[in-house]
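Coordinate-derived values only; no laboratory data. Just so it is clear, the structure is predicted and the values come from calculations on it, not from any experiment. Positions of Cβ are backbone-derived with ideal geometry, glycine not excepted, and every protein chain shown enters the neighbour counts.
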Amino acid sequence: MPSRNEREKNTPKTPRSTGGAPGVSQDGNDGGYNAGIAVFSYIVGGIIVWSLIGWGLDNLWGTRWIVLAGALLGAAGGFYLSHMHGLTSHRNPAGGDGAAGGPSKDAEQ
């Protein structure tokens, strides 16, 4: 009977999906575009949903300002969700040298 290690070596490996952020690929391919779409959808979705909630409360209470507060709350919530899912991290682009991250090393000489 083969040992556990021998069985693991002979079984085909399937990629595991992790509970990462939606729209971010695990292998790093096209992750920037997908993360951007995810951030956009969080923000726009938050604005739409909370604006509709504010509009409903405006109609219910006879006010006119809650829809604006709902839109601002939705935008803030979208940014918050994007940040909490790690979509707004500051990473160097593939092959980039971080040139936008500060002054060049020539200035130190």
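Normalised by the number of residues in segment 26-88, what is the relative contact order in percent for Cα pairs under 8 Å and 6+ residues apart?
On the way: 71 pairs, mean separation 25.5, N = 63.
It rounds to 40 percent for segment 26-88.
If packing is taken as the mean number of other Cβ atoms within 10 Å per residue, what is the order of 44-53, 60-69, highest first?
Values: 44-53: 17.1, 60-69: 12.0.
Ranked by mean Cβ neighbours within 10 Å, highest first: 44-53, 60-69.
Could you give the nm distance between label points at Ser41 and Met84, where each point is 7 Å from its Cα heading toward the beta carbon?
Those two pseudo-labels are separated by 1.8 nm.
Taking 0.36 nm per residue of separation and subtracting the Cα-Cα distance, what length does fully extending Ala76 through Asn59 add? Don't skip to the end; give the middle numbers.
Details: separation 17, 0.36 × 17 = 6.12 nm, distance 2.32 nm.
That works out to 3.8 nm of additional length.
In whole Hz, what ³J(HN,Hα) sequence does segment 55-63 give by Karplus (6.51, -1.76, 1.60; θ = phi - 60°), x for Gly and Pro?
Ordered by residue, 3J(HN,Hα) equals 4, x, 5, 4, 5, 6, 9, x, 9 Hz.
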